[in-house]
1. Against the condition within 12 Å of another protein chain (Cβ to nearest Cβ), in a loop (DSSP other than H, G, I, E, B), more than 25 Å from residue B:42 (Cα to Cα) and not polar (S, T, N, Q), how does residue B:189 come out, does it pass?
2. Report yes if residue B:311 is farther than 23 Å from residue B:94 by Cα, crowded, with 16+ Cβ neighbours inside 10 Å and of a type in the set (Val, Ile, Thr), otherwise no.
3. Quickly run through segment A:344-357 and pick out the residues that are surrounded by fewer than 17 Cβ atoms within 10 Å (Cβ to Cβ) and modelled with pLDDT of 90 or more.
4. Please enumerate the residues belonging to segment B:229-239 that are surrounded by fewer than 17 Cβ atoms within 10 Å (Cβ to Cβ) and either more than 21 Å from the chain's Cα centre (by Cα) or part of a helix (DSSP H, G or I) (or both).
5. How many residues does segment A:92-108 contain that are surrounded by 13 or more Cβ atoms within 10 Å (Cβ to Cβ), among the hydrophobic types (A, V, I, L, M, F, W, C) and either on the phi > 0 side of the Ramachandran plot or outside any strand (DSSP E or B) (or both)?
6. Determine if segment A:381-402 includes at least one residue that is surrounded by fewer than 18 Cβ atoms within 10 Å (Cβ to Cβ), farther than 22 Å from residue B:133 by Cα and hydrophobic (A, V, I, L, M, F, W, C).
7. If you scan segment B:91-109, which residues turn out to be more than 14 Å from chain A (Cβ to nearest Cβ) and assigned to a strand (DSSP E or B)?
8. If I ask for residues that are of a type in the set (Gly, Ala, Ser) and at pLDDT 80 or above, which ones from segment A:404-452 would you list?
Amino acid sequence: MNKIKQFKKVKFNALIKKFRSVRFVLSILLVLSLIYTGISAYYKVKYWGFSISPKQNTNVWAIEAHVNFIADGSPIEVNLAIPSKNKGFKILEENIIANGYKTQKSADKITFTARNMIGEQDLYYKIMVFDNTNGKDKLKDEAPKAPKKPNLDETTLAQAQQILSLSEQIDGNDAIEKLIVMFNQEPLDPALKSYLPVQYTPKQKLEIMQQLLSIKGISTRISRGLKLEEGQKITPDLMLEAYIDKAWHIYDPDTGIRGLPDNFLLFQRGGKSLLDVIGGEDSSIKFSLQKSITSTMNLASRRAKLLRKAGLYNFSIYNLPLSSQNSLKWLSVFPIAILFVVLLRNVIGVRTMGTFTPMLIAMSFVQTGFWAGLVCFSFIVSLGLLIRFVMSKLNLLLVPRISAVVIFVILIITALTFLGYNLNIKIAQASVYFPIIITAWVIERASIIWEEDGAKNAWSELSNSLLVGIIVYFVISNDYVQHWMFVFNEINLVILFIVMLLGTYTGYRLTELKRFAPLVKRK
Amino acid sequence: MFNWFKAIKELPALLRANGILGMNARNYAVIARHNSRRLYPLVDDKVKTKDLAVKFGVNTPDLIGVIEHQYQVADVLKMVKNHSEFVVKPAHGSGGKGVMVIKNYADNQFTLASGRIIGYNELYQHISNILSGLYSLGGQYDSALIEEMVHFSDVFKDYSYHGVPDVRVIVYQGYPIMAMTRLATQESGGRANLHQGAVGVGLDIKTGKTKLAVQHNLPIEIHPDTKAELRKIEVPLWREHLLIAAKAYEMTGLGYFGADIVLDARKGPMMLELNARPGLAIQIANGEGLKQAIKKVDKYYPKNLSPEERVAYVLG
């Protein structure tokens, strides 16, 4: 009791001073953490090569070419064309797996040689490439000889001329684009249709285009490459190259668009073949492509090793297994979400259901996507409320009642996911990501507020929570925020001190200004 | 439409000049500093508050019994055997939630304040709900209090649409600094929440007379339902009201709290409950800021006075 009385003696103003000193210490810590973050971020960018923009994160590709053939016992020589001198993409790492083979690499191909091999053979060529942006359309290569005029009989030549003159009337930037567009029209021009064989492969189609263009005196060639799309085992994509104005230009044979498309890796140019197998039969080549999630981190470790700054790097979170890194990446978004919740509650003064419910709503929106999440959440909560109203007539005790709501939520989610899958409604399938317990509590609280304080209050709290959730969602789903919070995770320290400083904020909340405004007017 | 831009620019300084206490300042500079957390259970648990009140000679409705466990619920009939009227309330409830007033008990039938008659089963269910934490803060297990019913004095009879208003007194360092009463209206659904449309009447701390009456933040003259003139309110036994509030300071050791006091027709003012985090709406009802009053106490009011002396000091 004595202690309490002593405590009470401290005066209001003296207390304010004391809080100021707390604020002072926290401010110093905040400044220190800012300096530390700045230095650390500089170090990471400079020595580890972490990028400030999240975009480069996504542009590293692991590409694997898998050559398969049956060896017949005679000496084997396999020639595989490889991407070379490619300005569009930079090869980071190259890896050849060919047991029992001698390999020799030249500028644009790898030669595998071996003797005494029998049976099925598997050769792997793996590369990691990343986009080093500029240099897209500058495809320098030696000038071709003037194209040979094709040797065609008169009727065929007349047909070809007709097609070429028809193609002139099509919209397009140049003759090549016009012709490609014509080849891709639906339905095909009758003249062209009769010129083409009944069935033809993409390559045959390109060869016919080449033939036609050669009549016009344009040199062309077929190139192979890979459209960088994740996951699929694919055969190479073909491109048409034409020599115009003393440079090779590349054309997409499906659209006629000139220039190398984004995320397209040229593998082999000119007429040379992609794969030659001597001493084997049934040869095939397959490609698999994978986008690496934490690829800047991979880059960084390589850079760190090169610069002999690897020690610190090896001791950082970026050297953990990928799965752990992905969890940490997710975790490191939480502090910024928390900061926004604190700001919205203590500085703006928004009343929400539970402190962190809006944050958890936002988290599930990240999993589901915004609209799917919003529609699903509203649906689950509305249906849950309806069921809860029926249940309130039963007068159940608290724990069994909330448990029943939890089970109802699970049933609703199950039904939505099932219907979503079977009726192919993507939005409904998203429901599986909602945190069940939190959703159940939102329903329970909303229905209690509804019963006690009326529908208006229940709706205002529900919509406030959803609004805060949406705001937090837009913050944490931002690529830059996600990237920065993980790559420069010192920011978390800064946020910590900002949150603690906000804990000493004694000013008015924004909504209080409105609430107490009449007190001023009356004076 | 409220002009937010202008409000942000000008209002904070004006509110500060008027000594208005904001929620953050209340939590940080007043409650966190003057109310030690270990003292909270004394006011959050109505059984403990009641025990303390009895010990300190503060008038409070008599306790008939406490039901702590589910197996005791069946004992309720034994407890109220000799009482024809009683109140059941959760020990950890707030804002009147879960309070059941039984104004007549006879032949296993319970007549509620609203006139509705319920049987034993419904009473049993209600007590079970209280125990399971339906009305407690945070949904924790709770116990049920059975106490004597208050026979409200009819001072407020003309002023309230439903229910009977209590007087809320804010006490800082043992000094009553601000008081109000909340009058239910039809709009507020018989509830005493100002934001739902109840009328807040600021009471002059020296006299217990109406200082200001507001509904929806705007001053009003007459009660919207009963048409009674609000400025005519004068709480009788005002000194006793303040004394109960002031004594609660010694009782709990809390530096800042709100005391809810009702006036019983026979027994005079009674302490109903204490609140360690009283709301800020009282400022609107009084048209005055709490910070002003707090600063005055810190600066000028003498220390180490008895409750009686403090009340005398306040009454001037």
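1. yes
2. Details: farther than 23 Å from residue B:94 by Cα: yes; crowded, with 16+ Cβ neighbours inside 10 Å: yes; of a type in the set (Val, Ile, Thr): yes.
Against the criterion (farther than 23 Å from residue B:94 by Cα, crowded, with 16+ Cβ neighbours inside 10 Å and of a type in the set (Val, Ile, Thr)), residue B:311 qualifies.
3. Matches in segment A:344-357: A:347, A:348.
4. Of everything in segment B:229-239, those that are surrounded by fewer than 17 Cβ atoms within 10 Å (Cβ to Cβ) and either more than 21 Å from the chain's Cα centre (by Cα) or part of a helix (DSSP H, G or I) (or both) turn out to be B:229, B:231, B:232, B:239.
5. 1
6. Yes, segment A:381-402 contains a residue that is surrounded by fewer than 18 Cβ atoms within 10 Å (Cβ to Cβ), farther than 22 Å from residue B:133 by Cα and hydrophobic (A, V, I, L, M, F, W, C).
7. Across segment B:91-109, the qualifying residues are B:101, B:102, B:103, B:104, B:105, B:106, B:109.
8. Filtering segment A:404-452 for residues of a type in the set (Gly, Ala, Ser) gives A:404, A:415, A:420, A:428, A:430-431, A:440, A:446-447.
Once the filter is applied, which keeps residues that are of a type in the set (Gly, Ala, Ser) and at pLDDT 80 or above, segment A:404-452 yields A:404, A:415, A:420, A:440, A:446, A:447.
The values are calculated or read from the model by the stated rules, or taken from the named source; none is laboratory data. Keep in mind the model is a prediction, meaning the values are calculated, not measured. Note that each Cβ is placed from the backbone with ideal geometry, even for glycine, and that neighbours are counted across all protein chains shown.
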